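What follows is a set of notes on a single structure, which appears directly below.
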Amino acid sequence: MPTDKIRLAIIGCGGMARAHLNAYIYLKNQGIDIFDFVAMCDVDENRARDFASTAAQSQNDIQPNVYSDVSEMLDKESLNAADICGPHFLHHSLAILCFEAGLDVIVEKPLAVTIRAGHKMIQSTKEHNRILATAEQVRRWVGPRTVEWMINKEKMVGQPRMFFRQGIGGSTDPENRLRDEPMVWRRNKLTSGGNGIIDGGVHYVDLLIYFFGEPDEIYARVDNLSQFQFPDAEKNYVAQTVEDTALATITFENGVMGQWVSTSAAPGRGMGYNSYHGSLGSIYSGGGYPQEPELQLWDGSKRQKEDLQRAYLESLSPEEKERLFPHDITEGVALEVYDFLDAARNHRRPELDGVDGLKAQAVCNAIYESGWCGESVKFEDVYQDRVSGYQEEINEKWQI
Ligand SMILES: NC(=O)c1ccc[n+]([C@@H]2O[C@H](COP(=O)([O-])OP(=O)(O)OC[C@H]3O[C@@H](n4cnc5c(N)ncnc54)[C@H](O)[C@@H]3O)[C@@H](O)[C@H]2O)c1
């Protein structure tokens, strides 16, 4: 076993980074003493300072150093690893700086702002022989792990045939196009790459790939129906340039086909569920992610979540349990950061590397590409960056 501790920096100390910080601290509180917080970096130095003082409480008041510039941090510090939680348009350039400085990196999803940016990151890991992990917590929860076991190991629904994912909701005041919240990077295509499909949506795609394997073809209609405008830094209203609605048909190489509807522009009665269907029956889970799977077979027989999850956990060998839920951790973000730290210490592949992250992202990009050109697109063409019309202005803007 390696004895050296990972010397870690967090880059981008915003909303999701807080969940990462808490997860690292949770590991320390569990006695998993495999890293030190060495530096915190954010262009907003106050955020980095706040992270540093919280982190210090978990390591005998040893304060991580605070930076507002990544290059300066990399010059001055001796680090092994960085956790990047910045806006999407910076993922690739921040990660490549870290690889060039010899660090292993975990990057929040989606891997990159475009497919080309993602390939540049993967190329850089190869050149510098570093680890690139995609932060993906959803599949690590007990619910989605149970669904994967039900479909692929126990074959409870028989031959997989279809999936449906619906996430339908809307604003309470759709007539008011001038919104009060600030125009943040998420609402600008150039800085985010897209909205609900590539942002939160990439989690669903990771699950679909986990359950069904390689995607094949995608057809989608994508729109910005609400036409909301938000005040920019100068208090001028500017239009969001990302979608609020997408309806996609996705097929997989194993023959599975399914539909994904994602809209925040459908006021009235909302709807949210995931369902997976096979030749013998279905798995249904209400709400956002498939955390509460219920089984129903063709003859009407049912099994509930508690029974299924217990059976799944009991089925795991001690080795599988240690691989999937090491140290009995069941919280997704704690599992993802532990996986990254352990991979960095042992120079092994994390469960989700850059290629895995980019493949999940490529389905989201394929939805945008299909919406942009009005035709179905092959997953492989988008993943290989042969179809990139929607993404071109982003690539041009950041010279990717
Ligand atoms: N896994 C999840 O469930 C989940 C949830 C939310 C967000 N995310 C992901 O986390 C990432 C960050 O999203 P967020 O919601 O935390 O955004 P955020 O805007 O709250 O945080 C981004 C932070 O990056 C900082 N930053 C900007 N430029 C920087 C630079 N050059 N150097 C250092 N720091 C810089 C900002 O000041 C800000 O503090 C995104 O990739 C997002 O998709 C994941």
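Is it the case that G200 is without any contact (Cβ under 8 Å) to a residue 60 or more places away in the chain, outside the structural domain of G118 (by TED's automatic domain parsing) and within 13 Å of K359 (Cβ to Cβ)? Against the criterion (without any contact (Cβ under 8 Å) to a residue 60 or more places away in the chain, outside the structural domain of G118 (by TED's automatic domain parsing) and within 13 Å of K359 (Cβ to Cβ)), G200 does not qualify.
Within the stretch 38-70, if we keep just the residues that are within 10 Å of the ligand (Cβ to nearest atom), outside any loop (DSSP other than H, G, I, E, B) and not acidic (D, E), the residue that is surrounded by the fewest Cβ atoms within 10 Å (Cβ to Cβ) turns out to be N46. When R349, R310, R303 are screened for being basic (K, R) and surrounded by 15 or more Cβ atoms within 10 Å (Cβ to Cβ), only R303 passes. With the condition kept exactly as written, say whether any residue in the stretch 137-146 is among the hydrophobic types (A, V, I, L, M, F, W, C) and outside any loop (DSSP other than H, G, I, E, B). Within the stretch 137-146 (the criterion being among the hydrophobic types (A, V, I, L, M, F, W, C) and outside any loop (DSSP other than H, G, I, E, B)), the answer is yes, since at least one residue qualifies.
Just so you know, in the stretch 174-218 the residues that are part of a helix (DSSP H, G or I) and among the polar types (S, T, N, Q) include one that is nearest to N274 (Cα to Cα), and it is S192. Looking only at residues in the stretch 371-400 that are in contact with a Ser or Thr (Cβ under 7 Å, 6 or more places away or on another chain) and crowded, with 19+ Cβ neighbours inside 10 Å, the one that is farthest from T249 (Cα to Cα) is I400.
Among the criteria (1) more than 17 Å from L21 (Cα to Cα); (2) more than 9 Å from the ligand (Cβ to nearest atom); (3) in contact with a Lys or Arg (Cβ under 9 Å, 6 or more places away or on another chain); (4) not acidic (D, E), the one V105 does not fulfil is (1).
Examine the stretch 114-130 for a residue that is near the ligand (Cβ under 10 Å from one of its atoms) and at negative phi, and state whether such a residue exists. Looking for residues that are near the ligand (Cβ under 10 Å from one of its atoms) and at negative phi, one finds none in the stretch 114-130, hence no.
Return yes when G12 is assigned by TED's automatic domain parsing to the domain that holds A344, at positive phi and either touching a residue at least 60 places away in the same chain (Cβ under 8 Å) or within 15 Å of the ligand (Cβ to nearest atom) (or both) and no when it is not. When the stated conditions are applied, G12 passes them. If I ask for residues that are more than 19 Å from V387 (Cα to Cα), crowded, with 22+ Cβ neighbours inside 10 Å and of a type outside the set (K, R), which ones from the stretch 102-120 would you list? The answer is L103, D104, V105, I106, V107, E108.
The rows are residues; the columns are (1) over 29 Å from E154 (Cβ atoms); (2) surrounded by 18 or more Cβ atoms within 10 Å (Cβ to Cβ); (3) touching a residue at least 40 places away in the same chain (Cβ under 8 Å); (4) acidic (D, E).
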| site | (1), (2), (3), (4) |
| --- | --- |
| P215 | no, yes, yes, no |
| Q227 | yes, no, yes, no |
| P231 | yes, no, yes, no |
| Y237 | yes, no, yes, no |
| V242 | yes, yes, yes, no |
| T245 | yes, yes, no, no |
| A248 | no, yes, yes, no |
| Q259 | no, no, yes, no |
| E294 | no, no, no, yes |
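Inside the stretch 311-362, residues that are part of a helix (DSSP H, G or I) and without any contact (Cβ under 8 Å) to a residue 40 or more places away in the chain make up a count of 10.
The values are calculated or read from the model by the stated rules, or taken from the named source; none is laboratory data. All of these numbers come straight from a predicted model, not from anything done at the bench. Ideal geometry is used to build each Cβ from the backbone, glycine not excepted, and the neighbour counts take in all protein chains shown.
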